[in-house]
1. Using 7 Å Cα-to-Cβ label points, what is the Asp913/Lys457 separation (nm, one decimal)?
2. Could you give me the ³J(HN,Hα) list for segment 856-862, computed from phi with Karplus coefficients 6.51, -1.76, 1.60 and θ = phi - 60°, whole Hz, x at Gly and Pro?
3. Cα centroids of segment 240-305 and segment 515-587: how far apart, whole angstrom?
4. Just the number, please: carbon plus sulfur as a percent of the accessible area of segment 837-903, 1.4 Å probe, no ligands or DNA/RNA counted.
5. When ligands, DNA and RNA are left out and all protein chains stay put, how many square angstrom of accessible area per residue does segment 473-583 have with a 1.4 Å probe?
6. Using a 1.4 Å probe on the protein heavy atoms, what percent of the accessible area of segment 218-301 belongs to carbon and sulfur?
7. For segment 321-465, treating each Cα as an identical point scatterer without solvent, what Debye log10 I(q)/I(0) comes out at q = 0.21, 0.22 1/Å?
8. Calculate the FRET efficiency for Ser296 and Ser838 from the Cβ-Cβ distance with a Förster distance of 22 Å, rounded to the nearest 0.05.
Amino acid sequence: MLRGRESLVRLVGKRRRFLPNRLAILSSSLESTLNLCSNDHLNALPVETNLDAHDDEDIGTSSSRKYVTCPVCSSRVNGEDSIINSHLDACLSRGTKRKLTQSTLLQLNFYSRSKVQHQSHVLKSEKNECSVGPGAGLMHNTVRKLPEDASYFENDEIICESLVECAMQPQKDCLLDTLSNCERANGGSEICSQNKRITSGKAPAKDDLSGIILQTFIVGRKYSDKKELNLGESISLERDPTNGKDPNAIKVISADSECCKMLGFLPRELAKFLSPLIEKYCLSFKGFVTTAPRSSVDIVPIELMCDNNKLFHENNFNVEEFKILWTSIQKAIDSMKNFTPNALKYQKNFSLLIQEVLQGSSHLLSDDENHFLDVFSSLSDDSQRLFIRLYMRKGPWFRMSCTSYKEVLDPKQAVKELSEAGYLCCFDTNEAADTDVIEILNLLTVSELREVMCMLKKNSNSSMRKGDLVASLLSPYKDGSCPLLPDLILGITGTCIRISSKAEVLIWRAERLFFLNGEQDLSAFLLVDMGTVKYPTYNCIISDQIFLDRNDLLAYEEAIEVAQLIDQALDEKDNKMVLRCVSIADSRVQPNQCTTAESVPFFSCFSASWIYSKVVSLGVSFLERENRYNDAVILLNRLLNCYTCDGRRGYWTLRLSIDLEHLGYPSESLSVAENGLLDPWVRAGSRMGLQRRILRLGKPPRRWKTPSFAESIKRKITEVHIQGRPLNRETGMKSRFYGESGDQCSVEQLALEYYNAEGGGWQGVHSESGIWLTIFGLLLWDVIFSDVPNVFRTKFQTAPLDFGTDSFYLLRQNNIESQLQKIHDGMGEEMLITSWESHKGTACNGVNWDRHSLTELRAAVTCIGGPCMASLCRHLAQDYQSWSSGMPDLLLWRFNSEYSGEAKLVEVKGPRDRLSEQQRAWLLLLMDCGFRTEVCKITPMLKSA
């Protein structure tokens with residue numbers, strides 16, 4: 001993959017189905033400093049327009065081809081079946097495999113293997129401690145603290161009875177459906193009461209309440225004082241009028257415990273009507289647990305019985321009011337029979353997102369856009385649920401006959417209401433664009449496509465695949481010989497609907513403003529609700545706006561569209577489009593536009609200029625791959641002139657020096673390297689690379705004086721050579737060897753075996769940067785999530801916005817140095833244990849809870865020692881971006897006594913490997929910090945004669 005593309009893909013996030021500014025971007029003339037598109041002299045590229053028939057001002061994409069992400073190598077592949085199969089065969093034959101990340105599992109129909117418990121596939125849930133209430137807006141100079149108590153932000157154990165069936169559906173839709181299966185989540189023994197249950201209809205008399213059963217749930221179990229509940233355990237109810245999230249909250253109390261431990265809350269929908277009866281009419285309820293939960297955070301089915309021992313206040317009894325409240329309770333109970341409290345949480349989450357954006361970012365939206373989003377809250381529940389369901393599916397077109405959801409009671413009325421509000425549009429044969437017809441055709445099954453072929457009296461043999469059938473039908477439609485094709489399709493599919501262009505643009509914008517990145521979307525709420533992800537607790541102190549005005553936001557969005565266009569072009573190997581996008585970005589990068597903002601430097605990554613710089617930087621890598629070094633040099637000089645305060649200057653300077661040497665200008669290459677060492681933004685591996693280039697190019701007669709850093713760079717790094725039996729000797733393949741047991745292993749595993757045996761009895765792990773970033777995150781957890789203005793904007797952050805920038809250390813210098821002093825004084829192990837026990841399972845940038853055990857982390861911290869650990873953490877705090885990669889492969893330790901030991905860091909290299917500049921920089925830095933370091937070189941055994 002080209003250097004810089006991975007970060008660009010993360011920036012773009014999920015590709016948009018439709019880019020509103022695509023036509024304007026590609027049809028504009030450019031004023032670029034170089035002519036990358038030499039054939040057309042920077043004239044506008046021809047683009048296909050795809051006007052939404054239902055929204056004339058919106059513009060669609062021009063490509064009808066569908067691309068999917070390969071689950072093996074992560075590259076984008078044409079969505080035709082034959083191409084996908086061929087690509088997968090090639091990937092699997094190479095043996096390449098990438099690690100499936102959280103984002104991957106949401107985008108693809110793949111599941112990790114879940115643990116089997118009681119013959120069910122259970123997704124273990126962990127609680128989210130940082131929910132923000134619906135009223136929490138973005139306020140100037142105010143502190144928005146994440147709530148410590150809530151009665152409805154509960155997480156429950158989720159069971160999917162058949163993961164295979166779910167995997168056949170779009171992933172996000174499956175995630176929504178799993179939340180509706182909570183009633184089956186606790187499938188243990190149940191108790192069936194013999195008493196009379198509540199039934200719809202006439203409200204009971206006030207003297208006839210005793211013995212009536214209410215079947216409901218305990219929710220909000222993460223706030224419980226008692227984690228384990230037993231079948232049949234007695235419970236009672238208690239009002240909680242001081243609850244900050246719900247004044248009608250009703251707590252469920254354990255009646256078996258002498259100290260009356262709180263077990264959770266009643267669902268908000270039920271508490272809204274039951275709390276007035278408890279308060280005004282002195283009703284009391286007792287009950288028991290009907291199904292024992294499997295996890296401490298599951299919803300718990302219960303039965304409640306009215307205990308009519310206390311008398312009503314006869315003088316204050318209002319029959320009509322009592323009937324209205326009791327009827328509402330009946331409806332709430334009936335509703336929960338169909339949907340558990342968690343089943344409709346996605347609706348609340350979506351509404352929360354919209355309200356947050358309207359409260360905190362309304363100045364970035366036009367009056368019409370504010371009104372359009374505000375209308376959503378006034379739509380019926382059916383309409384809201386149907387829209388959210390469709391928005392989270394792949395689309396863009398959906399058959400009404402295939403959009404049935406049990407929580408949407410009247411889908412036809414919902415479609416009508418959404419269409420009138422402008423959120424949906426229906427397929428119109430009179431105004432259908434070619435791309436619409438292609439997309440509608442793809443909704444048909446193979447048998448239905450053959451049926452259309454028969455109607456048109458066209459021949460189709462049984463060997464024709466779906467793509468061939470679609471192409472055969474499109475050909476006569478495009479040349480005008482078959483204008484009735486859309487009508488024939490609709491005759492089979494029935495009504496087809498899609499999200500309107502306006503709604504898609506505004507909801508995408510709302511997601512960006514809410515999450516502030518492209519990697520998160522509405523599925524982030526689902527992961528929290530399912531307990532898959534738990535975000536840390538912190539305060540949001542907001543005093544400055546990221547986008548000053550609407551123009552800044554629109555420019556930022558347009559820059560993201562350019563980034564998506566170049567990413568798609570690279571997938572499609574459309575070099576002409578790639579060069580066009582690079583030229584567009586180059587023309588919009590202006591001199592003296594420093595990425596450092598005046599007031600809040602780390603907001604610079606939300607500017608259009610910063611995104612264009614990433615596109616141009618990716619363009620440099622593309623041009624170098626094409627051996628167009630002259631153009632690459634021009635772009636690199638432009639980047640260096642425009643972005644004078646940027647951590648990427650080291651990489652740009654190093655590439656400029658290398659490209660100049662490629663062009664045959666060694667003197668100029670040397671001058672660039674020398675000037676680069678004077679730049680304070682040139683650091684770590686890039687600085688090491690420039691220094692080594694100066695030593696190589698700066699020999700007499702070009703330079704007679706030896707640089708002052710020469711001795712430091714030429715320091716000898718201890719090398720250890722071991723031999724192994726190679727499994728493969730192919731160039732370009734990762735080296736594999738046979739271990740001592742005869743099993744296949746990597747060079748790192750072979751080195752671990754050597755150091756554990758004849759190498760000195762060392763224990764250790766193959767960690768690279770992972771274990772160090774985990775230790776850093778745990779030791780400085782409180783500093784990372786401390787109260788600093790503007791760095792926390794949403795409840796879904798795993799690090800502050802300035803993490804990885806110079807601002808991180810500067811804004812927290814006193815706190816960081818205080819923590820480092822404790823580490824230096826030998827308190828690191830204690831700090832590590834405390835942080836692990838307090839935050840286990842909580843998401844934090846760099847912290848991997850699963851890869852390393854607490855025992856390994858404690859051993860590493862103890863054996864490394866306080867001074868060395870404090871020095872390493874200081875470098876990461878000061879420049880996390882430069883030093884978070886390239887660390888040695890192995891961390892080894894051995895104990896001299898119970899509380900002391902020694903450690904060693906080893907970089908392992910196979911027969912054809914060599915140290916990168918970043919790795920060399922790390923080894924020398926670690927030597928300066930007092931670490932023992934080595935390079936272990938693996939060589940194959942010589943064949944016996």
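The values are calculated or read from the model by the stated rules, or taken from the named source; none is laboratory data. Computed from a prediction, not measured in an experiment: that's the story for all the values here. Using ideal geometry, Cβ is built from the backbone for each residue, glycine included, and neighbour counts are taken over all protein chains shown. Surface accessibility is based on the protein's heavy atoms, side chains included, excluding ligands, DNA and RNA. Shrake-Rupley method; radii C 1.70, N 1.55, O 1.52, S 1.80 Å.
1. 6.9 nm
2. 5, 5, 5, 4, 5, 5, 5
3. Cα centres, segment 240-305 to segment 515-587: 42 Å.
4. Carbon and sulfur: 43 percent of the exposed surface of segment 837-903.
5. Details: 3390 Å² over 111 residues.
For segment 473-583, the solvent-accessible area averages 31 Å² per residue.
6. Carbon with sulfur: 48 percent of the solvent-accessible area.
7. Log10 I(q)/I(0), no solvent term: -1.35, -1.40.
8. On the way: r = 17 Å, r/R0 = 0.79.
Calculated value: 0.80.
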